[in-house]
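The values are calculated or read from the model by the stated rules, or taken from the named source; none is laboratory data. Worth saying up front: this structure is predicted, and the values here are computed from it rather than measured. Ideal geometry is used to build each Cβ from the backbone, glycine not excepted, and the neighbour counts take in all protein chains shown.
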Amino acid sequence: MKTANLYGDKAHAVSIAGCINAVDEIREMAFRGLQKMFRANERLFIYRLIKSGTEVIPQGLGFRYSAMAVIGLAGEDDADVRKVLGGLGLHDICKRLVKDIHSAENMGDVALTLWACHAAGFLERGETIKRLIELKPDSRAYPTVEMAWALDALNLEHSSQVAELRKNVAQRLLRSFNPQTGVFPHVVEDSNKGFRAHVSCFADMVYPIHALSNCSRLSGDTQALDAAERCASLICRLQGEAGQWWWHYDYRTGYVVEGYPVYSVHQDAMAPMALFALEEAGGSNHRESIAKGLGWIYRPAEVSVPLLDRGADLIWRKVGRKEPKKAARYIQAASSRLHSSLRMPGLNRFFPADLIDFEDRPYHLGWVLFAWSRQRIAKLKATAQ
């Protein structure tokens, strides 16, 4: 029995040709949403918009989310970008991001800043490169997603200064990969033996697929492409019947540990950006899975309303379980730790997955624009059957 069947989905399918029109609507919503989320005085995007009653309230500032938004906006027309940024340009945000980069302690933030600077054509990258080298992504234990961001940034940096670092980061990701199951770990070369040490999340899959595909295209590394191919094959094989990209996977077996929450950013942005990168590097075509995942935004099996809210002009964050905070994922992690095939029965009855998280974050909308860039949509329209 497929692991995905545990979640009792409704059948749903949509073609890649049919989803292109939907993407046009989502892209326009991304522009308008990012415009609401930008704070010109700070030169940064906010952390999130959250619905409270009939109001949508902005909260905080998002440093790494701002970098992700820059990456997404970098492929768009300058007039559209300046409309989002209230007349400013992407270089204005890059200057803000690199201002204190010499003291940044989070390697993921530094990697995303370097990636954003490249995407925007911002040339003052020296301090960011220096800081990334100082944080030693080639030797210290880091979350897999941060390692993948570092590799994606280094894939764009062609100076001899980082050539060896790029190779070493790629090799660390590849050494951490389990080729028998197709799963990357949650942390690269981690010594953690806790009860959740075997659990990886969807982000631990898609960001390495993206980075290693780009690495292969740059260097011709067939091992990198093979790992990306195996991981993509796994997530597509386990995709829910309604198009859901499930959340937690077992590094040891490749089975789904816990499917929920299902995040809209996975459906309309992160899975497409990874799977398109794989195809463009010479890997398999997973357009049917991409289209199926996008369809869930409009017709989620778990709730009666779409995650794309035209009234609020936003895309809500996720559908999750009604549960004490993260209870289901901890229960399933502990159960599967005892035995790889063990899951807590009756979870859907006790903790039904029908709760919408009414918030939206700028990185989601940035990744939408990055995954569905103008250039990529033009190619899809030319080749879609």
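In region 6-27 there is at least one residue matching the filter, namely being modelled with pLDDT of 95 or more and farther than 30 Å from P352 by Cβ.
Restricted to region 73-113, and to residues there that are among the β-branched types (V, I, T) and surrounded by fewer than 23 Cβ atoms within 10 Å (Cβ to Cβ), the residue that is nearest to G366 (Cα to Cα) is V81. For S340, the criteria (1) hydroxyl-bearing (S, T, Y); (2) buried (at least 17 other Cβ atoms within 10 Å of the Cβ); (3) modelled with pLDDT under 70 hold in every case but one, which is (2).
Residues that are within 18 Å of the chain's Cα centre (by Cα) and either surrounded by 22 or more Cβ atoms within 10 Å (Cβ to Cβ) or among the hydrophobic types (A, V, I, L, M, F, W, C) (or both) within region 47-63 comprise just one, F63.
Taking region 261-275 as the range and being closer than 14 Å to Y207 by Cβ and either among the aromatic types (F, W, Y) or touching a strand residue (DSSP E or B) at 6+ places or on another chain (Cβ under 7 Å) (or both) as the test, only Y263 passes.
Within region 114-135, no residue that is buried (at least 24 other Cβ atoms within 10 Å of the Cβ) sits with its Cβ atom under 7 Å from a residue that is modelled with pLDDT under 95 and not charged (D, E, K, R) at 6+ positions apart or across chains. Whether a residue is at pLDDT below 95, more than 22 Å from L275 (Cα to Cα) and not acidic (D, E) was assessed, and N168 does not pass this test. Residues that are exposed (fewer than 15 other Cβ atoms within 10 Å of the Cβ) and either closer than 21 Å to V303 by Cβ or in contact with a helix residue (DSSP H, G or I) (Cβ under 7 Å, 6 or more places away or on another chain) (or both) within region 357-376 are absent altogether.
The residues on offer are V110, V162, V81, and the sole one that is in a helix (DSSP H, G or I) and in contact with a Gly (Cβ under 8 Å, 6 or more places away or on another chain) is V81.
Being assigned to a helix (DSSP H, G or I) and modelled with pLDDT under 95, is that true of even one residue in region 140-158? Looking for residues that are assigned to a helix (DSSP H, G or I) and modelled with pLDDT under 95, one finds none in region 140-158, hence no.
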